[in-house]
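S.K.: Below you'll find the structure I mean.
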Amino acid sequence: MSRRSCHVSAAVRARTILAACREVRMHLAVHGSDVGGVDIGSAGRQLAWAEVAVTGVVEWDGVPYLLGAAGTPPPSGRVGLLCSPSTPELGALILTGRCGRPLRSPELAGLAGDSLPPAPLRAAEDDVAMRVVPIVVERIRVSLGGPDDGTRRIVPVPLDLFRAARPDLWWAHGDSIAARLEAHHQAELRALVGLRAGVRGATGVVVRDVGPHGMLLSCLTLDGVIDQVIPFEPPLEEPAQLGAWFTR
């Protein structure tokens, strides 16, 4: 039932990290330096990288889009990104490429750091809203393990496999989904365990795990803690279907 994939491909992991990115460090090529101790230059070339502030990065259909404050000059030229998700077990994504033509989409203004993918991006010529710059990806790698314990591995990801893969959104957003359910939907969770599992009088419900096949819930009752598995039948393909499941 777990949302976490134990043996996912490097391409799926890379797409998942990009979809779940919570922190991004961006370097522009000046002429080797590294990002967080990880070389981001192209093989066979020595490049110096100047770190540049960026608000965040969002992904749409495998294309990374940099977000920056309105009115600031958009980045251009070669760029290196180090994307870190909120779930450390995913690893980090090391991406190099070129900045495309700046875009603008008013609905993106509040999406930096949001857990859901953005709405479709629309090209525009002005910079009234948040600055949006697409990245033409040239090289992708995934960094696994810690930088200080000798376990770090750098895994290259072929671009064709990266583009063909799909992110594991349950893995990417499962923790935040569980936290939102616990914080804002206690009444629905208590009603759910009463109806589906026969647990009456629960004073609280803790979401231990949530994934495509169901939820593992710990119900707090006057008699102690009761663990219950609530299956999704049929399984849910993505987290966006969870709301409809609760209301059917």
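S.K.: Take the residues of region 120-137 that are surrounded by 13 or more Cβ atoms within 10 Å (Cβ to Cβ) and in contact with a helix residue (DSSP H, G or I) (Cβ under 8 Å, 6 or more places away or on another chain): which is modelled with the lowest pLDDT?
M.R.: L121
S.K.: Do you know which residues across region 138-169 are out of contact with any strand residue (DSSP E or B) (no Cβ under 9 Å at 6 or more places or on another chain), surrounded by fewer than 11 Cβ atoms within 10 Å (Cβ to Cβ) and modelled with pLDDT under 90?
M.R.: Those that are out of contact with any strand residue (DSSP E or B) (no Cβ under 9 Å at 6 or more places or on another chain), surrounded by fewer than 11 Cβ atoms within 10 Å (Cβ to Cβ) and modelled with pLDDT under 90: G146, D148, D149, G150.
S.K.: Looking at R3, R15, R45 in this structure, which one is over 20 Å from the mean Cα position of the chain (by Cα) and either farther than 18 Å from R152 by Cβ or modelled with pLDDT of 75 or more (or both)?
M.R.: Every option except R45 fails the conditions.
S.K.: Answer yes or no as to whether T221 is polar (S, T, N, Q), at negative phi and loosely packed, with under 14 Cβ neighbours inside 10 Å.
M.R.: no
S.K.: Go through (1) modelled with pLDDT under 90; (2) within 30 Å of P85 (Cα to Cα); (3) surrounded by 13 or more Cβ atoms within 10 Å (Cβ to Cβ) one by one and return the number of the condition F232 breaks.
M.R.: Only one criterion in (1) modelled with pLDDT under 90; (2) within 30 Å of P85 (Cα to Cα); (3) surrounded by 13 or more Cβ atoms within 10 Å (Cβ to Cβ) is unmet by F232, namely (1).
The values are calculated or read from the model by the stated rules, or taken from the named source; none is laboratory data. Model, not experiment: these values are computed from the prediction. Positions of Cβ are backbone-derived with ideal geometry, glycine not excepted, and every protein chain shown enters the neighbour counts.
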